[in-house]
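The structure under discussion appears below in the form of structure tokens.
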Amino acid sequence: MDLLPHNLNTLRSFPSALRDLLSGIPAPALDWQPASWEGIPSESLTIRQQICHMRDIEADGYTQRFQRLLNENNPVLESIDGYALVEARQYDRTDLATALDAFEAARERTMVILDRLTPPDLARRGTFEGYGPVTVRGLVHFLCSHDQQHLAGIQWLLGMKDAA
């Protein structure tokens, strides 16, 4: 069974689904932090920080990783220290709507690449730091996983805030 069409549709629709979810979250919840981060299914980031993280990992990570896998022979795809970006890019001072718009634009750039993939492209290989060998098809799965990880982190934060 080929999951690629499903995964591409999931990736394409994610920014809209994320925007819908965030539209119902009150502003004070965007920067709320739990007493303990134990159990969070994503990085220990506030909702605002999660969105900024997704924006940056999409633009500086996945879009570039796909390009490198498609244009280089067996590249090493570096991992990005997401926690270092929180201060460096001033996540806590970032307007949420601006971050969402930038994430959506970055995802559109990624989708332009993914929509052009051919069967030989899907098999192109490299090494993803922290993961090991990876193909273009595998990187699509990792990007889907990354989206879901952060959606789960946002839902976890909302659940913890509700109980506080």
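Quick note: the coordinates plus some simple rules give every number you see, no bench work behind them. Computed from a predicted model, the values in this text were never measured in an experiment. Glycine also receives a Cβ, built like all others from the backbone with ideal geometry; neighbour counts cover every protein chain displayed.
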message: Below 8 Å, C-alpha to C-alpha, sequence gap of six or more: please give me the relative contact order for the chain in percent.
response: 37 percent
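Which helices of the chain meet both criteria: a Cα extent of 18 Å or more along the helical axis and a mean Kyte-Doolittle score no lower than -1.0, with helices taken as whole DSSP H segments?
Taking the DSSP H segments of the chain (at least 18 Å long, mean hydropathy at least -1.0), we get 4-23, 96-115, 136-163.
Test of the criteria: in the stretch 99-164, which chymotrypsin sites (Phe, Trp or Tyr not before Pro) are in a DSSP loop and have at most 13 other Cβ atoms within 10 angstrom of their Cβ?
Details: sites: F103, F128, Y131, F142, W156; in loops: Y131.
Passing sites in the stretch 99-164 are Y131.
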- request: Please find, in a Gaussian network model of the chain (springs between Cα atoms separated by less than 10 Å), the residue of G39, G61, G153 whose mean-square fluctuation is greatest.
  value: G39
- prompt: Whose amide H sits under 5 Å from the amide H of F128, counting only residues 5 or more places off or on another chain, with H placed in the peptide plane?
  reply: L77, V134
query: Please state the equivalent ellipsoid semi-axes for the stretch 54-164: what are the square roots of 5 times the Cα gyration tensor eigenvalues, largest first, in whole Å?
result: 28, 15, 14
- prompt: Taking the chain as a Gaussian network, Cα atoms linked when under 10 Å apart, which of A88, A27, A123 shows the biggest mean-square fluctuation?
  reply: A88
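Once you charge only the Cβ atoms, +1 for Lys and Arg and -1 for Asp and Glu, what is the size of the charge dipole of the stretch 4-163 about its Cα centre, to the nearest 20 debye? Walk me through the intermediate numbers first.
Numbers: 15 positive and 21 negative charges, 100 e Å.
That gives the stretch 4-163 a dipole magnitude of about 480 debye.
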